[in-house]
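A quick write-up on the structure given underneath.
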Amino acid sequence: MRRRTPTAGLALALFAAVTATLTTTAASAAPAPVSAAPALVAAAPDISVTNVQAHLTQLNTIATNNGGTRRAGSAGYTASVSYVKAKLQAAGYTVTEQYCSACTYPSNNLIAEWPQGPADQVVMFGAHLDSVSAGPGINDNGSGSATLLENALVLAQQNPSMTKRVRFAWWTDEEQGLNGSEFYVNSLSATQRGYIKGYYNFDMVGSTNGGYFINRLTSTTAAPLKAYWDSLNLQPEENVEGQGRSDDYSFQQAGIPTSGYAAGASARKTSAQATKWGGTANVAYDSCYHRSCDTTSNISATVLNRSADGVAYAIWQLAVGGGTPTNDFSVAVSPTSGSVAQGGSTTATVSTATTSGSAQTVSLSATGAPSGVTVSFSPSSVTSGGSATMTVSASATATTGTFTITVTGAGSVTRSAAYTLTVTGTGGCTGGQLIGNSSFESGSTPWTASSGVITNSSSQAARTGSYKAWLDGYGSSHTDTLSQSVSIPAGCSSYTLSFWLHIDSAETTTSVAYDKLTVQVGSTTLATYSNLNKASGYAQRSFNLAAYAGQTVTLKWTGVEDASLQTSFVIDDVTLQVG
């Protein structure tokens, strides 16, 4: 939550009913009469506070690894976005990043939509993901961010029928003035704004000396949030301290009905509140507000749990239809590709997961194998959530080439996953070092490189010999590439790509990755380095490429430098040793 409070100008609507339906009426208007919630509305799930705290631990670790902060525009913020995004994508959300060019620290909002329910009937839940520079921001506002993330994952796992579409958002640059949410709202057309029937904000929902506060407490929009806390006899109060200070304000200013939970920031708990809620009177709700001590130790598990469960109750009341969810599951194969020589075999793991309803028996089979190749599973059937070992065996006369095998799981529904198989001839492993001109001493062949990358310039020393590959180092916007195509034989027991890397940089930051080097095999990124990794001398970097056995791949290094302060990525002695 940002510190300075503008004039909010909020007008409270009358409280209509505990299970009120959202309307598009402006905040200052009286709500329409509302009937009781349908009897078939599914019971809201219990959100595991342990899982929420696990997300907080990850955010705290991200801050620790990035200068102690997750401030918008910093490496810590970027890593936070990546963590949340990966979880949501794996769960099946439609996820987008919106670049906020107008932010004080230009960076990305993260928007995730569950692709069920009518697209013109949206209920939106948001929290700011950035911290202040002074600390990791675990209560402010990892607590709101983690609460929404776990609620989103539970919604996806249960996959109930939907009466409205649910959209989640994690905002950037809130601490600098609500900039991320304001940018998002301003990017919407009038029609798109009209689709949003309510916006719910969660900012600081785990304060250690916390209270139970609701934005626009008596409004129709707040009804489901209040109903859940009323069921716990918490007697919530209006969030006076937070008025106009968090991202709900951006939506309220656009005429979208808003509400949300908060547990309090730097204001002090009154004696009456301490009597009602417990805690210590005349002490701040969060004594680590905007400080370095806002870590995982600065969280009340009780307050956090009640907030997380209240969010789930609101989602189910507002957007979930009646009935029992359909039983469903997913199938995945790891690794997704493999190689086998004639007369040999290889294995992979087939994993299943219950994605909706109850667990069920899943029978495994495979199609698409070439002549002479057999595919078996142990066990041949699993309960969804379990896994099996897939063994691919090739006879001495198996057809060689690359094939797509479809692994199918059959239960109440049928789900499948693809596995790419390469069958090679007999002869075993042809070992050795596969990189041509590995030390760059023989010109550019067989490398493909940007002009001037392979050089014997004395400005950057080679690790051995005179030549090396020097990417970037211009101190201006620049991109350099270095690549080589390599055929990797099958049948070997080890496949190790190694290279020596020296990073020299004039950047002084300890938290922002301005200049980056990306290492790829084909379209897969093996690693990313930046000006934050600068150090004297060379360091060896090594990777296992066994997953690419039997394939011809392109190894590629891409250096991207921003507009100022040079960073040099110097590479030497590249080897791919198989044996």
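The values are calculated or read from the model by the stated rules, or taken from the named source; none is laboratory data. If you're wondering where the values come from, they're calculated on a predicted model, not measured in any experiment. Counting neighbours? That spans all protein chains shown, and the Cβs are built from the backbone with ideal geometry, glycine included. For accessibility, only protein heavy atoms count, side chains too; no ligands or nucleic acids. Shrake-Rupley method; radii C 1.70, N 1.55, O 1.52, S 1.80 Å.
Remarks
- Of all residues in the range 409-424, those that are open to solvent by less than 30 Å² (accessible area, probe 1.4 Å) and under 21 Å from Ser358 (Cβ atoms) total 1.
- Test result for Ser459, under 28 Å from Ala535 (Cβ atoms) and outside any strand (DSSP E or B): yes
- Hits in the range 509-535 (condition: farther than 20 Å from Ala63 by Cβ, of a type outside the set (A, V, I, L, M) and in contact (Cβ under 8 Å) with a residue 24 or more places away in the chain): Asp515, Lys516, Thr518, Gln520, Gly522, Tyr529, Lys534
- If you go through the range 522-561 and pick out every residue that is farther than 18 Å from Leu434 by Cα, surrounded by fewer than 21 Cβ atoms within 10 Å (Cβ to Cβ) and among the charged types (D, E, K, R), you end up with 1.
- Out of Val340, Val373, sole residue that is in contact (Cβ under 8 Å) with a residue 60 or more places away in the chain, β-branched (Val, Ile, Thr) and closer than 29 Å to Ala549 by Cα: Val340
- Qualifying position, being at pLDDT below 85 and open to solvent by less than 50 Å² (accessible area, probe 1.4 Å), among Ser356, Ser300: Ser356
- Some residue of the range 286-293 being open to solvent by 20 Å² or more (accessible area, probe 1.4 Å) and among the charged types (D, E, K, R): yes
- If only residues of the range 108-138 that are under 16 Å from the mean Cα position of the chain (by Cα) and either part of a loop (DSSP other than H, G, I, E, B) or aromatic (Phe, Trp, Tyr) (or both) are counted, the one that is surrounded by the fewest Cβ atoms within 10 Å (Cβ to Cβ) is Trp114.
- In the range 314-329, residue farthest from Asn141 (Cα to Cα) [restricted to those that are at pLDDT 90 or above and crowded, with 22+ Cβ neighbours inside 10 Å]: Val320
Residues are listed down the side, and each one gets a yes or a no for (1) closer than 23 Å to Val340 by Cβ; (2) in contact with an Asp or Glu (Cβ under 8 Å, 6 or more places away or on another chain):
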| site | (1), (2) |
| --- | --- |
| Tyr538 | no, yes |
| Arg541 | no, no |
| Asn544 | yes, no |
| Ala547 | yes, no |
| Gly550 | yes, no |
| Leu555 | no, no |
| Val560 | no, yes |
| Ala563 | no, no |
| Ser568 | no, yes |
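Conditions (1) at pLDDT 95 or above; (2) in contact with a Cys (Cβ under 7 Å, 6 or more places away or on another chain); (3) within 22 Å of Ser345 (Cα to Cα), marked per residue:
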residue: Ala547; (1), (2), (3): no, no, yes
residue: Lys556; (1), (2), (3): yes, no, no
residue: Ser568; (1), (2), (3): yes, no, no
residue: Val578; (1), (2), (3): no, yes, yes
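- Any pair with Cβ under 6 angstrom, 6 or more apart, that starts in the range 91-118 at a residue that is over 20 Å from Gly73 (Cα atoms) and touching a residue at least 60 places away in the same chain (Cβ under 8 Å) and ends at one that is small (Gly, Ala, Ser) and in a strand (DSSP E or B): Tyr93/Ala112
- On the stretch given as the range 198-239, residues that are open to solvent by 40 Å² or more (accessible area, probe 1.4 Å), among the polar types (S, T, N, Q) and in a loop (DSSP other than H, G, I, E, B) total 4.
- Residue count for the range 240-250, restricted to those that are assigned to a loop (DSSP other than H, G, I, E, B) and open to solvent by 10 Å² or more (accessible area, probe 1.4 Å): 4
- Yes/no for Ala91 being aliphatic (A, V, I, L, M), open to solvent by less than 60 Å² (accessible area, probe 1.4 Å), more than 23 Å from Ser250 (Cβ to Cβ) and within 9 Å of the chain's Cα centre (by Cα): no
- Annotation: Asn141 fulfils all but one of (1) out of contact with any Gly (no Cβ under 9 Å at 6 or more places or on another chain); (2) surrounded by fewer than 23 Cβ atoms within 10 Å (Cβ to Cβ); (3) closer than 21 Å to Tyr105 by Cβ; the unmet one is (2).
- For the range 144-189, a tally of residues being open to solvent by 20 Å² or more (accessible area, probe 1.4 Å) and among the aliphatic types (A, V, I, L, M) returns 4.
- Annotation: Ala281 fulfils all but one of (1) open to solvent by less than 30 Å² (accessible area, probe 1.4 Å); (2) in a loop (DSSP other than H, G, I, E, B); the unmet one is (1).
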